[in-house]
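The values are calculated or read from the model by the stated rules, or taken from the named source; none is laboratory data. The structure presented is a predicted model; accordingly, all values stated were derived computationally and were not measured. A quick note on method: Cβ atoms are made from the backbone with ideal geometry, for glycine too, and the neighbour counts reach across all protein chains shown. Please note that ligands, DNA and RNA were not included when accessible areas were found on the heavy atoms of the full protein model with its side chains. Shrake-Rupley method; radii C 1.70, N 1.55, O 1.52, S 1.80 Å.
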Amino acid sequence: MAHNEIHVDVPPAAVFEVLADPRLYGNWVVGASTTRSVEGRWPEAGATLHHVQAFFLHDTTTVLVCEPERRLVLEARARPIVIAEVDIRLAPEGDGTRVTLDEVAKGGLLGALPKPVSDALLYVRNIETMRRLKRLAEIGHALGRAEALGHA
């Protein structure tokens, strides 16, 4: 399993606001570019986001578990490259949030690689994913997004 952590200088509500907005998926997920549509009420369990990966792969991400402002578990697909389970957890840390992202390749080409190799590739990719999530949450919070929506 690839394990990444980062401290974000905003409360969990502001981080979750980014995760809960399907339009922002391509802004924080490395490789994703465009949200095409959403089935269900994102990010409720069972909702599916249809997106474009690497500018030409049309695939989906489905919510497996949603605990608002605490946890989001996704099955992310970018076939044939990877089918992965992504577990994102948010915990208050001082005036901010500790974001933990655990990802494991369950299928696709990455899933066929030896686990240490797929874990290392996902870990490196998720360094940038976490940096993007941090930036979006901090910018949104600075603009008053979470407060304006009644989430902080």
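So, in the range 38-63, exactly how many residues are part of a strand (DSSP E or B) and surrounded by 14 or more Cβ atoms within 10 Å (Cβ to Cβ)?
Qualifying residue count for the region: 13.
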Inset, instruction - Give the range 4-32 a look and list any residue that's among the aliphatic types (A, V, I, L, M), part of a helix (DSSP H, G or I) and under 17 Å from Asn126 (Cβ atoms), or say none. - result: Val15, Val18, Leu19, Leu24
Legend entry - Failed item, numbered, when Thr35 is tested on (1) touching a residue at least 24 places away in the same chain (Cβ under 8 Å); (2) open to solvent by less than 60 Å² (accessible area, probe 1.4 Å); (3) over 23 Å from Leu121 (Cα atoms): (1)
Legend entry - Filter result (hydrophobic (A, V, I, L, M, F, W, C), part of a strand (DSSP E or B) and more than 19 Å from Asn27 (Cα to Cα)) within the range 64-81: Leu64, Val65, Cys66
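When the residues of the range 1-11 are narrowed to those that are open to solvent by less than 30 Å² (accessible area, probe 1.4 Å) and within 9 Å of Ala137 (Cα to Cα), which ends up farthest from the chain's Cα centre (by Cα)? Walk me through how you get there before you give the answer.
Step one: list which residues in the range 1-11 are open to solvent by less than 30 Å² (accessible area, probe 1.4 Å), which gives 2, 4, 8, 10.
Within this subset, residues satisfying the condition of being within 9 Å of Ala137 (Cα to Cα) are 8, 10.
Numbers: Val8: 14, Val10: 17 Å.
Among those residues, the one meeting the criterion is Val10.
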Legend entry - Count - residues of the range 90-128 that are of a type in the set (Val, Ile, Thr) and either closer than 20 Å to Leu57 by Cα or touching a strand residue (DSSP E or B) at 6+ places or on another chain (Cβ under 6 Å) (or both): 4
Inset, instruction - Working only within the range 89-98, note down all residues that are in contact (Cβ under 8 Å) with a residue 60 or more places away in the chain, assigned to a strand (DSSP E or B) and surrounded by fewer than 22 Cβ atoms within 10 Å (Cβ to Cβ). - result: Ala91, Pro92, Glu93, Gly96, Arg98
Legend entry - Flag for Arg125 being open to solvent by 40 Å² or more (accessible area, probe 1.4 Å), out of contact with any helix residue (DSSP H, G or I) (no Cβ under 9 Å at 6 or more places or on another chain) and either polar (S, T, N, Q) or part of a helix (DSSP H, G or I) (or both): yes
Legend entry - Tally, over the range 135-147, of residues that are under 13 Å from Pro11 (Cβ atoms), modelled with pLDDT of 95 or more and surrounded by 19 or more Cβ atoms within 10 Å (Cβ to Cβ): 1
Inset, instruction - Could you please tell me which pairs satisfy a Cβ distance under 7 Å, a separation of 6+ or placement on different chains, a first residue in the range 12-25 that is without any contact (Cβ under 8 Å) to a residue 24 or more places away in the chain, and a second residue that is open to solvent by 10 Å² or more (accessible area, probe 1.4 Å)? - result: Arg23/Thr35
Legend entry - Qualifying positions in the range 108-120 - without any contact (Cβ under 8 Å) to a residue 60 or more places away in the chain and surrounded by fewer than 15 Cβ atoms within 10 Å (Cβ to Cβ): Leu109, Ala112, Pro114, Lys115, Pro116, Val117
